[in-house]
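Here is the structure we will look at, set down as structure tokens.
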Amino acid sequence: MPASLLGPYSRTILAAAVLLITLGFALSGARGEVHNGLLPFFEWLETTWFGVAGKTWGAVFATVQSVHLLGLALLGGAVLAAEGRLLNVILTDTPRELVCSRCNRVFDIAMITLVATGVFMACGVAVKIYYLPVYWYKMLGLAAGALFHYFVRNPVLAQDLENVNPWLLKAMAVASIMVWFTVAATGRWIGFSG
Amino acid sequence: MFNQLIHNIAIWLDDTRWSTMLHESYYMYNWVESTHVLTLMVSLGMLFLIDLRMLGLALPDVPASTIARRLNLPMLVGFTVMVVTGLLLFYAVPVRSSQSIWMRIKLVLMLGLLINAVLFHRRMSEAGSGWDAQPRAPRNLRLGAMFSLAGWSVVVTCGRFIAYDWFDCQYMDPGLMSSLAGCIEGQTRF
Ligand code: HEM
Ligand code: HEM
């Protein structure tokens, strides 16, 4: 579908549509069926090379967990520096555009690290997390966060910020901080559940 | 001697009412631990940006001294929360934590990293600002940044490893490892 069909805000509209569809799905009966259908997939994950490695060598799993945490720290740095700048609380003597675009590169590297190590860990404990609601909340939060970051926040920041309502920028900054702290908190909670 | 002294202090802490309450409260303990983990985003998040800036790997075209100065305060706030929540985690499970080899490496390393940070700070003010706009800092600052990045990564790994029981005193025979971990022969509380 050509993006222009939806006007200048095509990506924002698409992101909102995805969120609405997800919400509708979550509240409907289809959710349970899909969940049941996914069990074989999660069982298969444990038989993959990652799954076997993660289950066999505790030290490897623990080291990957540590790298996941390092990715978390880096993500936190990128998010807090950029959003802190948009909120006018840190780096106030540096242009907003500069801070945000440079932090975005750090963010991307952190996200790649988190997804790679996250997938590895998920394979090792696939059936356990399949039955954990908090794991699904984390994935929902992660999907919402990534859609927001790449399809809402970045396109807005790519404009001339002088023309953007300052309250919109502040609201985006607060939303971004909240979503990533929520994803991190649900992530930690996976570990508490058995 | 040293290990016995630590063990005695740990037993004493373990017998206090608040330690038991914290340890037995599912939500309280897990929230303290979650706060310890989430605050990595503030403390190490800021620290990583500063160190990576010195190496020219993050925000290379923002003046290095601006990054170091402006991110210092949030970083220190983060570290303060880390220390408070860390002490609480230790207090909740004092005997086992005090006899964890990972906890011990973590604490010694953090001491070294503290010294490194003070030296870094001093070198930073001595270096003037002639290089501020360069992507990479002078060599001695880069070395400090590399040591900091590597050291804190090991601290995180040790922190994560505390939860595993590979080297717990119950499962180790007397020897070098067990005395480094602080195990006491014939101890009855773990
Ligand atoms: C595809 C992406 C991801 C997957 C599949 C994933 C998967 C996982 C899994 C399975 C665990 C639990 C490991 C255990 O059994 O203890 C975990 C832990 C965690 N995750 Fe992720 N994750 C992903 C992305 C993220 C992101 C983006 C963040 C941060 C915003 C994050 C933050 C955390 C945290 C804080 C923990 C707790 C780590 C600990 O204290 O050991 N994850 N993740
Ligand atoms: C200031 C820098 C610090 C950093 C970067 C740090 C890092 C970490 C990390 C990454 C974990 C693993 C958390 C998890 O995945 O669940 C951890 C756990 C822990 N930390 Fe820290 N920590 C710091 C300070 C402290 C201090 C000062 C203490 C206490 C004296 C402490 C005591 C603990 C304890 C007892 C645990 C183990 C919790 C468990 O049983 O899993 N930490 N730390």
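If we keep just the residues of region B:28-42 that are in contact with a Phe, Trp or Tyr (Cβ under 9 Å, 6 or more places away or on another chain) and either at the interface with chain A (Cβ under 8 Å from one of its Cβ atoms) or among the small types (Gly, Ala, Ser) (or both), which is farthest from A:ILE177 (Cα to Cα)?
Only one residue fits best here, namely B:ASN30.
Out of everything in region B:94-105 that is open to solvent by 30 Å² or more (accessible area, probe 1.4 Å) and closer than 15 Å to B:LEU180 by Cβ, what residue ends up being farthest from ligand 1 (Cβ to nearest atom)?
The selected residue is B:ARG104.
Do you know which of the residues in region A:157-166 that are closer than 19 Å to A:ALA78 by Cβ and part of a helix (DSSP H, G or I) is nearest to ligand 2 (Cβ to nearest atom)?
So the residue we want is A:LEU157.
Show me the helices (runs of 4 or more DSSP H) found entirely inside region B:43-132 where at least 2 residues are within 14 Å of another protein chain (Cβ to nearest Cβ).
In region B:43-132, B:64-92, B:101-126 are the helices (runs of 4 or more DSSP H) which contain 2 or more residues that are within 14 Å of another protein chain (Cβ to nearest Cβ).
Name every residue in region B:173-185 that is surrounded by 17 or more Cβ atoms within 10 Å (Cβ to Cβ) and either within 20 Å of the chain's Cα centre (by Cα) or not in a helix (DSSP H, G or I) (or both), in order of residue number.
Selection gives B:ALA181, B:GLY182, B:CYS183, B:ILE184.
Collect the residues in region B:14-29 that are in contact (Cβ under 8 Å) with a residue 60 or more places away in the chain and within 20 Å of B:GLY186 (Cα to Cα), keeping them in residue-number order.
Within region B:14-29, just B:ASP14 meets the criteria.
Please list, ordered by first then second residue, the pairs with beta carbon atoms under 7 Å, 6 or more apart or interchain, first in region B:76-100 and among the hydroxyl-bearing types (Ser, Thr, Tyr), second in a loop (DSSP other than H, G, I, E, B).
B:THR85/B:THR39; B:SER97/B:ILE162; B:SER98/B:GLY182; B:SER100/B:ILE162
So, in region A:43-66, of the ones that are among the polar types (S, T, N, Q) and out of contact with any helix residue (DSSP H, G or I) (no Cβ under 6 Å at 6 or more places or on another chain), which residue ends up surrounded by the fewest Cβ atoms within 10 Å (Cβ to Cβ)?
Filtering first and then ranking leaves A:THR56.
Look through B:MET82, B:MET110 and report the one residue that is open to solvent by 20 Å² or more (accessible area, probe 1.4 Å), under 25 Å from B:MET177 (Cβ atoms) and of a type in the set (A, V, I, L, M).
B:MET110
Is one or more of the residues making up region A:23-42 within 15 Å of ligand 1 (Cβ to nearest atom), over 20 Å from A:ALA175 (Cβ atoms), open to solvent by less than 30 Å² (accessible area, probe 1.4 Å) and touching a Gly at 6+ places or on another chain (Cβ under 8 Å)?
The answer is no; no qualifying residue exists.
Right, A:SER101: surrounded by fewer than 22 Cβ atoms within 10 Å (Cβ to Cβ), within 16 Å of ligand 2 (Cβ to nearest atom) and of a type in the set (S, T, N, Q) or not?
no
With the condition being within 14 Å of another protein chain (Cβ to nearest Cβ) and touching a Phe, Trp or Tyr at 6+ places or on another chain (Cβ under 8 Å), I'd like the helices (runs of 4 or more DSSP H) fully within region A:74-156 carrying at least 1 qualifying residues.
In region A:74-156, the matching helices (runs of 4 or more DSSP H) lie at A:96-124, A:133-147.
Among the listed residues B:ARG123, B:ARG160, identify the single one that is away from ligand 2 (no atom under 13 Å from the Cβ) and of a type in the set (Lys, Arg).
B:ARG123
Check whether at least one residue in region B:8-18 is touching a Ser or Thr at 6+ places or on another chain (Cβ under 9 Å), within 16 Å of ligand 1 (Cβ to nearest atom) and either open to solvent by less than 10 Å² (accessible area, probe 1.4 Å) or modelled with pLDDT of 95 or more (or both), and report yes or no.
No, region B:8-18 has no match at all.
The values are calculated or read from the model by the stated rules, or taken from the named source; none is laboratory data. Here the structure is a predicted model, which is why all the values come from computation and not from measurement. For neighbour counting, all protein chains shown are included, and Cβ atoms are generated from backbone atoms with ideal geometry for every residue, glycine included. Surface areas here come from the heavy atoms of the whole protein model, side chains and all, with no ligands, DNA or RNA. Shrake-Rupley method; radii C 1.70, N 1.55, O 1.52, S 1.80 Å.
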